[in-house]
Every structure is written in structure tokens, then in C-alpha cells.
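The values are calculated or read from the model by the stated rules, or taken from the named source; none is laboratory data. These figures come from a predicted structure and were not determined experimentally. Neighbour counts run over all protein chains shown; Cβ positions are idealised from the backbone, glycine included. Only protein heavy atoms, including side chains, enter the accessible area calculation; ligands, DNA and RNA are left aside. Shrake-Rupley method; radii C 1.70, N 1.55, O 1.52, S 1.80 Å.
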Amino acid sequence: MAGRISALFGAQDMTQGNPMRNLVRFSAPLLIGNMAQQLYSTVDSIVVGNYVGDNALAAIGASGPVINLLLVLFMGVSVGASVMASQFFGAKDKDKLSWTIGTTITATFVTTVVIMILGPILTPWMMKVLNTPEELYQMACNYMLILFVGFLGSAYYNVISGVLRGLGDSIMPLAFLLVACTMNIGLDIWFVAGFRMGVEGAAWATILSQMVSGGLCLFRLLRMKDVLEVTPRMLIPKKRLLLQLIRLGLPSGVTQAIFSFAMIIVQSLTNSYGASVLAANTVVMRVDGFAMMPTFTFGTAMTTFVGQNMGAGKPDRAVKGTRAGLILGLSVSVFLVAMILLFGRYLIVMFTSTPEVIKLGSRMLQILAAGYIAMSVTQILSGTMRGAGDTMTPMWISLITTVVVRVPVAYGLEYITRPAGGAMGSGTPDPLFLSLLISWVIGAVLTSIFYMKGGWKKKAIVQIPDGAPVAEQEISLQADTESDPHAE
């Protein structure tokens, strides 16, 4: 019994056993955790929408793309650390794993400080560039500035929970997140409904909760003595591991930067439609966050599964796991699409009672629904490629679908559908979501093509010669000819 409990709450070795069972066991708590994390922003929106009003709800939505753009500095750190952790764990290399974690902790702190400095400086200027409606401007700025004050907690939760999942531990990040989520809900109601603090109260509730989850994740990681042992000297970043972290994480960071920048451009278009469309868009993005959770969950699970198996020298097992991931992802996505089409309107009503916003939101969800199936394919196959160490291919696909497809299509359709002689935003808001649907479908096609070409199988950072069992094989880091992983 003690052994089973230890296995449940410890690192999960996914190089053994049934791939489907591995993925389900790992993904179930991860899915619950992702949904709980989405509750942060969703509860903010529900409480603000009901107790402050549609303008406050729109202000939170208007701030989203700017926050996401500044998050990319540590998103790359998270992806790179997760890939390295999963491969070194699969290779049973405790020393390199420990040094990787130490480097990650320091890199996260440094990038977070940069964000905390840049965020408040850039926020007012960026909100003006985006043509944020005057009645929303100050609320949106206040909301973002408070989030940046407490950004360290969010950074450490997202990065360290990614490392824990790379080690196969999806239970403890879930437990910590549920604690923080419960705290966030209570503080939201207390600050916004009780103290009438408006959007500022929602922001304070979020950052206080994120500090708790981030601190708990870091404490948990440093206590996993059976898997890794980080000493104070390991907190000094070492050149080879830091460069490897950057090489793996930079493409994902660039991908997110491109995506966020494109969203800012589209946000400018969204703002031109006025407060009602902004409010509807905010609500739809909250519902969209939940609809995307299974897709992102299985994508993350594939990164861990493939990373561990490539590290253990089992590429064939990685392929079997990808097939299992596609079965899981597509099954759940089809079910969610059906639920959105049947009950989407009732989800919108949770956020607002304004008829116009409800009508617009319902229409937007109907347009996006089928795209969740395409995104399931994209995320799962991208997760496989990233887990193997190929982070460049998903980056290029994201660049094409976002910059080359989504942005031009959105503005092009808006121009075509606006009334003759009308100004920007005078027509139907359908182009905002039709362009997103088209980009998702093209992304799924491109990702499938590159996955089937198989180049990702040659990208593992851990190189294991053929022949002896893994425990007896020499494990080395690409481009690292020295035996000491922390040598300068």
C-alpha cells in the first residue's frame, strides 16, 4: 500500500507499461489542474461581470493580449526545462537533471524580474496603441499593473509545474493549484463583491493565489531527493545546460511571442467593434479556455511521454504513445464540440445578462466549435515533436498559421464584410473568429505532414548508442564533449 501511495504522488516512469494507461493516468490530474488554472481568469470574469458590469468585463479582456506578450520570456524557459527534465529522467541521469533544475530556477527568476520591470513601463503605451476604448482604458491598465506586481508567483508555478510534469508528477501540481484556485475564488468574492474593489480586487485575488501555488511547487520540487538533489552551487547557471535550455525553449518562446503579437494586432481590430463585442469576446475566450484544456493537456502529456521514451532510447514506443494520444484527444474534442453546440448559450449567460452580448457570444462559439478538433491534432503532434527535442517545427507552423494566415484573413474578411463606405469595425464581428477557425485547420494539416515525415525522431538531446541496456549505456548531451555537465 505504501508503495502504491508513493508511486501515485511521485515521479511517473512512462518508459514502461501500456502507453494508453500511462497517458490516462498522467493526463487525468493534469486536465483537472488545467481546468482549475483556467478558473483563475474565469472566476475573475464572472464576478466582475456580475458585480461591476460589462465595461469592467471588457477591460479584463482587453488586457489579455498584452499580458500574454510579456509572458513569453518565461514560457520558453518552461518548455525547455520540461523537455530536458523528461529526457534526463528517462535516461536516469540524476546529476544532469539536478543541474538542469538549478539552472531553471535561476533563469526563471531573472526573466521574471525583466517582465516585472517591462510590464508597468509598456502597459499604458500598448493600451493606447491598441485603441482601447476610453471608458475601458484606466480599468485595463490598473488590472495589468497589479498582475505584474505579483508575477513571480505565476512564473514559478508555470515553470516548476512544467518541470514536475516532465518528471511524470501531475498529482502534486494539481493539489497545489486546487488550493490556490479555492483561495482565488474566495478572495474574488471578498474583494470584488464584498469590498467593491472592482477589477483591481480581481487582480489582487489572482496574484495572491498564484504566489501560493508557485511557492508550493518550488518547495515540492526541492524535496524530491530520490529523483534530484539541487545544492546551492547548482543555482549558478552553467553555460552548456543554459544554452541547451535556450536552444529548446527559444522556439517555443518565439512561437508564443509571434502568437501574442498577432493577437495584439487582432485585438486592435476587435477594439474597433466597441464595448459589446469586446465583452462578448472576453466571455468566449473564457469558454474557449476550458474547451482547449483537454487539447493542451494531451499535448503536454505527449511532451513528457515522448521525452522520457526518447531519453530511454525507445522511439517506437514514442510513436505508439502518439497514436494513443490522438485517440484520447480526438474523442474528447468531438464530445466537447457537441456540448458547445448544444449548450454554448447557457455558458455565456453565466457571465452576463446583456442580451446583445449573449447573442454575439453564442454566435462566436458556433463558429469556433469545429476548430477544437483541428487544434487537438495540432497540439498532440506538436507535443510529440517538442518532447523529442524538435521545437523548431511547431514554431514555424505557428508563425505561418498566425502571421501569414490569421491576421491577413481577419482584416481581409473585415474589409469585405463592412458596409459600403463604413469605417473599421462597422460590420459583423464574424471575421474575428472565422480567421481563427481557418488558421486552426491549416495548422492541423501542416503539423500532420511534418509529423509523418519523421524528422522529429532525430532531435533527442540525450544520445544513447545501440546495444546494451539503458542502465549500462553511456548517456551524453549533444555538443557536450566534457564529462562534467556543469563545466564552464
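For region 427-440, the set of residues classified as β-branched (Val, Ile, Thr) and either open to solvent by less than 20 Å² (accessible area, probe 1.4 Å) or in a helix (DSSP H, G or I) (or both) consists of Ile438 only. Yes or no: Thr352 touching a residue at least 60 places away in the same chain (Cβ under 8 Å) and in contact with a Phe, Trp or Tyr (Cβ under 7 Å, 6 or more places away or on another chain)? The answer is no for Thr352.
Out of everything in region 128-153 that is among the small types (Gly, Ala, Ser) and part of a helix (DSSP H, G or I), what residue ends up being farthest from Pro65 (Cα to Cα)?
Among them, the one singled out is Gly153.
Checked against the criterion of being outside any helix (DSSP H, G or I), without any contact (Cβ under 8 Å) to a residue 12 or more places away in the chain and either among the β-branched types (Val, Ile, Thr) or under 27 Å from Glu356 (Cβ atoms) (or both), region 398-418 contains one or more residues that satisfy it. Pairing each residue of region 130-146 that is open to solvent by 10 Å² or more (accessible area, probe 1.4 Å) with any residue that is in a loop (DSSP other than H, G, I, E, B) and modelled with pLDDT under 90, provided the two are 6+ apart or on different chains, yields C-beta distances under 9 Å for Asn131/Ser272; Pro133/Gly274; Met139/Val52.
The one condition from (1) of a type in the set (A, V, I, L, M); (2) open to solvent by 20 Å² or more (accessible area, probe 1.4 Å); (3) out of contact with any Lys or Arg (no Cβ under 9 Å at 6 or more places or on another chain) that Met424 does not meet is (3). Give the residue, chosen from Leu222, Leu242, Leu218, Leu235, that is open to solvent by 20 Å² or more (accessible area, probe 1.4 Å), without any contact (Cβ under 8 Å) to a residue 60 or more places away in the chain and of a type in the set (A, V, I, L, M). The unique qualifying residue is Leu222. Only residues that are over 23 Å from the mean Cα position of the chain (by Cα) and within 30 Å of Met172 (Cα to Cα) were counted across region 112-162, and they come to 0. Just name the residue that is modelled with the highest pLDDT out of those in region 450-484 that are over 16 Å from Gly311 (Cα atoms), open to solvent by less than 80 Å² (accessible area, probe 1.4 Å) and not in a loop (DSSP other than H, G, I, E, B). That would be Tyr451.
Consider Thr123 carefully, then state whether it is open to solvent by less than 30 Å² (accessible area, probe 1.4 Å) and either over 30 Å from Met302 (Cα atoms) or at pLDDT 85 or above (or both). Spell out how you get there, then give the answer.
Working: open to solvent by less than 30 Å² (accessible area, probe 1.4 Å): yes; either over 30 Å from Met302 (Cα atoms) or at pLDDT 85 or above (or both): yes.
Judged against the criteria, Thr123 is a match.
Being assigned to a helix (DSSP H, G or I), among the acidic types (Asp, Glu) and open to solvent by 10 Å² or more (accessible area, probe 1.4 Å) is a condition met by no residue of region 72-94.
Scan region 344-360 and tell me whether some residue there is touching an Asp or Glu at 6+ places or on another chain (Cβ under 9 Å), crowded, with 21+ Cβ neighbours inside 10 Å and in a helix (DSSP H, G or I). Within region 344-360, one or more residues are touching an Asp or Glu at 6+ places or on another chain (Cβ under 9 Å), crowded, with 21+ Cβ neighbours inside 10 Å and in a helix (DSSP H, G or I). Could you tell me whether Val254 is aliphatic (A, V, I, L, M), in contact (Cβ under 8 Å) with a residue 12 or more places away in the chain and not in a helix (DSSP H, G or I)? Judged against the criteria, Val254 is not a match.
When only residues in region 156-212 that are aromatic (Phe, Trp, Tyr) and open to solvent by 10 Å² or more (accessible area, probe 1.4 Å) count, which is farthest from Gln308 (Cα to Cα)? Outline the logic, then answer.
Taking region 156-212 and keeping what is aromatic (Phe, Trp, Tyr), we get 156-157, 176, 190-191, 195, 204.
The next check asks that each one be open to solvent by 10 Å² or more (accessible area, probe 1.4 Å); those that pass are 156, 176, 190-191, 195, 204.
Details: Tyr156: 23, Phe176: 24, Trp190: 44, Phe191: 44, Phe195: 49, Trp204: 38 Å.
Filtering first and then ranking leaves Phe195.
Of the listed requirements (1) part of a loop (DSSP other than H, G, I, E, B); (2) more than 21 Å from the chain's Cα centre (by Cα); (3) crowded, with 24+ Cβ neighbours inside 10 Å, Trp99 misses just one: (1). Based on this model, can you work out whether Val227 counts as assigned to a helix (DSSP H, G or I), open to solvent by less than 60 Å² (accessible area, probe 1.4 Å), of a type in the set (Val, Ile, Thr) and modelled with pLDDT of 80 or more? No: the conditions fail for Val227.
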